[in-house]
Amino acid sequence: MATDEDGPAARVLQLIDALHTELAEISDPVARIDAARRVRANAKKFETLYAEVTRQAVRDMRERNMSYARIAEELGVSRARAYQLAGGPAGGEQS
């Protein structure tokens, strides 16, 4: 699996750590839970974005003739999951 310690993913992780710290520092418990709820709502949006980006990346890998086995290895998932992410046709070949 590819890593990029200085790239966008690392920056997002830094922002999440900073957000966690900021939430913990809110002294008013009602304000803290309100802020946490807003963060959770945005986290759901991020999950949707992640799913879309992942599916498109897998499709791009397939367009470059990458096998499902190789995609699975790169993503750290099973070949069946790589196939699902690619939106493969029912009963299709899983190479």
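Once the Cβ-Cβ distance between residue 57 and residue 17 is put in as r, and R0 is 30 Å, what FRET efficiency do you end up with, to the nearest 0.05?
Using R0 = 30 Å, I get an efficiency of 0.75.
Lys/Arg Cβ at +1, Asp/Glu Cβ at -1, dipole of the range 1-65 taken about the Cα centre: which of 15, 53, 30 is farthest positive-ward?
53
Which whole-number percent is the relative contact order of the range 10-86 (Cα, under 8 Å, 6+ apart)?
21
Quick one: in the chain, what % of C-alpha pairs are over 15 Å apart?
When every Cα pair of the chain is considered, 70 percent fall beyond 15 Å.
Bear in mind that the values in this text are calculations on the coordinates, not laboratory data. It should be emphasised that the depicted structure is a prediction, and the values quoted were computed from it without experimental measurement. Positions of Cβ are generated from backbone atoms using ideal geometry, with glycine treated the same way; all protein chains shown enter the neighbour counts.
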